[in-house]
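Enquirer: Below are the structure tokens for one structure; questions will follow.
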Amino acid sequence: MYLTDEEKEMLDGKKGPSVKKSMEILVALGESFGAKRLIPVKSVHMAGSSVVVAGDAGTKFVEDMQKSGGEFVTKVTTNPTAMDPDKWRDIGISDEDHELQGRLSDAYKNMGANTCNTCTPYLVGNTPRFGEHLAWGESSAVVFVNSVYGARTNREGGPSALASSLTGRTPEYGFHLKENRYGKILVKVEADLKDMTDFGTLGYFVGKVAGQDTPVFCGIPENPSLEDLKALSAALASSGSVSMFHAVGVTPEAPSLDEAFGGKKPEKTLIFTEEEKLKAEKELDKEPSDHVDWIQIGCPNASIEEIKEVVKELEGKKVHPGITLWVTTSAAMYAMADRVGYIKAIEDAGGTVIRETCPFLARTTQFAPEKGYKTLTTNSAKMAFYAPGMFGLPAHYGNLKKVMRAATTGRWG
């Protein structure tokens, strides 16, 4: 793989041991994927920001890189951690995780990261421009920025993202190359997409078939909301391993069907009808009983508009006794929601707004049984898809109105 003189100096250790180790990681990664060179990156989003992911060994590795002089040379944001900074003890996070998480977050902060601790960094200042090369982790964010913004990134793990942060480079392969960004599967959307849950259902349906292939949607409404596209991105990356999609007339690299496919014919065609939508909803709504105990809104992290909708559904009502309602969001969205009274409204109704963490990146398998949770109720296709396998909690899945009705009545359906 070709290296510039500056990159050779990095690899030879002339820029310090942390940069040398980072270059060794990136060169090995690039050579394994047949990359011809390294390219500069405009930003990094760090997926390995929770100690549930990093563990003791990963935390020590990050600390060692920082102690050996590591300093980030590009914009860096962090994914959710294992705990809410204020409510961590209330939601069942251990003292050990609290101490370890503090060490990991401090190491990232001391190297220059914006420790925003969210899976939606594009809402809090890390918003890429069209064509920019990135090194991002977090599957839903990768799909979103590749597709909606037209930025270019592969799915990065913790070590490769850290290496890119310290060198400002990433290997040029995969979705950094135009020829790998064209669609392969045509999806004709005939069902009515009314809300973000419908978009999540569509993503779940397509991801199962697409695997790693890039789908091209035809028939999506012309002006979907950010929340709609966020839900679609998350679901595609969950039931499949999709890293990018095109929506004709909506996303920047798909002004036409022909351009989305790069002049080639689709390898496969799917049709998403009302019947398919209903079938997919039933597959995600796995819990046959009407029992509700833990309700989770905000996967990926809730935007200010989503929090506003929760407040609207709770107006004049109370969360049913025995029900735990979580709205998970970033610190920045929390601050905005607090300023306009949304946090108080949710808490006065009996709910809790959790920031900087989520069920995936906290010790849910430990605290959920301790809390006595038997089901998880959500409007997120991603959460509904993963909850049974990851947490042992069968899911109720439906749109926000249905989920919030369960929150206040104590029953599903």
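The values are calculated or read from the model by the stated rules, or taken from the named source; none is laboratory data. Since the model is a prediction, treat every value here as computed from it, not as a measurement. All Cβ positions, glycine included, derive from the backbone under ideal geometry; neighbour counts span all protein chains shown.
Enquirer: In this structure, does residue 77 turn out to be hydroxyl-bearing (Ser, Thr, Tyr) and crowded, with 24+ Cβ neighbours inside 10 Å?
Expert: Here the answer is yes, as residue 77 does meet what is asked.
Enquirer: If you go through the range 204-244, how many residues are of a type in the set (Asp, Glu), closer than 25 Å to residue 400 by Cα and part of a loop (DSSP other than H, G, I, E, B)?
Expert: Qualifying residue count for the region: 1.
Enquirer: Taking the condition within 26 Å of residue 378 (Cβ to Cβ), in contact with a strand residue (DSSP E or B) (Cβ under 7 Å, 6 or more places away or on another chain), modelled with pLDDT of 95 or more and surrounded by fewer than 21 Cβ atoms within 10 Å (Cβ to Cβ), does residue 209 pass?
Expert: For residue 209, the condition - within 26 Å of residue 378 (Cβ to Cβ), in contact with a strand residue (DSSP E or B) (Cβ under 7 Å, 6 or more places away or on another chain), modelled with pLDDT of 95 or more and surrounded by fewer than 21 Cβ atoms within 10 Å (Cβ to Cβ) - is met.
Enquirer: Being within 26 Å of the chain's Cα centre (by Cα), at pLDDT 95 or above and not aliphatic (A, V, I, L, M) is the filter here, so list the residues in the range 33-50 that pass it.
Expert: 33, 40, 42, 43, 45, 49, 50 - these are the residues of the range 33-50 that are within 26 Å of the chain's Cα centre (by Cα), at pLDDT 95 or above and not aliphatic (A, V, I, L, M).
Enquirer: Hey, residue 262 hits all of (1) of a type outside the set (Asp, Glu); (2) surrounded by fewer than 18 Cβ atoms within 10 Å (Cβ to Cβ); (3) assigned to a loop (DSSP other than H, G, I, E, B); (4) at negative phi but one; which does it fall short on?
Expert: So the condition that residue 262 fails would be (4).
Enquirer: Go through the range 125-140 and count every residue that is surrounded by 18 or more Cβ atoms within 10 Å (Cβ to Cβ) and outside any strand (DSSP E or B).
Expert: Counting residues in the range 125-140 that are surrounded by 18 or more Cβ atoms within 10 Å (Cβ to Cβ) and outside any strand (DSSP E or B) gives 6.
Enquirer: On the basis of being in a helix (DSSP H, G or I) and either outside the structural domain of residue 206 (by TED's automatic domain parsing) or under 26 Å from residue 392 (Cα atoms) (or both), does residue 297 make the cut?
Expert: Against the criterion (in a helix (DSSP H, G or I) and either outside the structural domain of residue 206 (by TED's automatic domain parsing) or under 26 Å from residue 392 (Cα atoms) (or both)), residue 297 does not qualify.
Enquirer: Also, quick follow-up: Just to be sure before I move on: is residue 199 aromatic (Phe, Trp, Tyr) and free of Cβ contacts under 8 Å to residues at least 60 places away in the same chain in the structure I sent?
Expert: In short, yes.
Enquirer: Now a separate question. Among what's in the range 152-195 and is among the hydroxyl-bearing types (Ser, Thr, Tyr) and in a helix (DSSP H, G or I), pick the residue that is surrounded by the most Cβ atoms within 10 Å (Cβ to Cβ).
Expert: Looking at residues that are among the hydroxyl-bearing types (Ser, Thr, Tyr) and in a helix (DSSP H, G or I), I get 164.
Enquirer: Given the conditions (1) in contact with a Lys or Arg (Cβ under 7 Å, 6 or more places away or on another chain); (2) under 19 Å from residue 88 (Cα atoms); (3) of a type in the set (Val, Ile, Thr), and given that residue 295 satisfies all but one, which numbered condition is not satisfied?
Expert: If we test residue 295 against (1) in contact with a Lys or Arg (Cβ under 7 Å, 6 or more places away or on another chain); (2) under 19 Å from residue 88 (Cα atoms); (3) of a type in the set (Val, Ile, Thr), just (1) comes out false.
Enquirer: From 269, 251, which residue is surrounded by 20 or more Cβ atoms within 10 Å (Cβ to Cβ) and either outside any helix (DSSP H, G or I) or in contact with a Ser or Thr (Cβ under 8 Å, 6 or more places away or on another chain) (or both)?
Expert: None of the others qualify; the one that does is 251.
Enquirer: Can I ask one more? Identify all residues within the range 141-151 that are outside any helix (DSSP H, G or I) and touching a strand residue (DSSP E or B) at 6+ places or on another chain (Cβ under 6 Å); write none if there are none.
Expert: Within the range 141-151, 151 is the sole residue that qualifies.
Enquirer: Would you mind stating whether residue 242 is in contact with a strand residue (DSSP E or B) (Cβ under 6 Å, 6 or more places away or on another chain) and among the aliphatic types (A, V, I, L, M)?
Expert: When the stated conditions are applied, residue 242 does not pass them.
Enquirer: Looking only at the range 5-59, count how many residues are surrounded by 14 or more Cβ atoms within 10 Å (Cβ to Cβ), of a type outside the set (Lys, Arg) and in contact (Cβ under 8 Å) with a residue 24 or more places away in the chain.
Expert: So the count comes out to 31.
Enquirer: List the pairs whose first member sits in the range 239-258 and is in contact (Cβ under 8 Å) with a residue 40 or more places away in the chain and over 22 Å from residue 138 (Cβ atoms), whose second member is aliphatic (A, V, I, L, M) and part of a helix (DSSP H, G or I), and whose Cβ atoms are under 9 Å apart, counting only residues at least 6 apart or on separate chains?
Expert: Listed pairs, sorted by first residue: 254/260.
Enquirer: Would you check if there is a residue in the range 299-316 being under 27 Å from residue 241 (Cα atoms) and free of Cβ contacts under 8 Å to residues at least 60 places away in the same chain?
Expert: Within the range 299-316, one or more residues are under 27 Å from residue 241 (Cα atoms) and free of Cβ contacts under 8 Å to residues at least 60 places away in the same chain.
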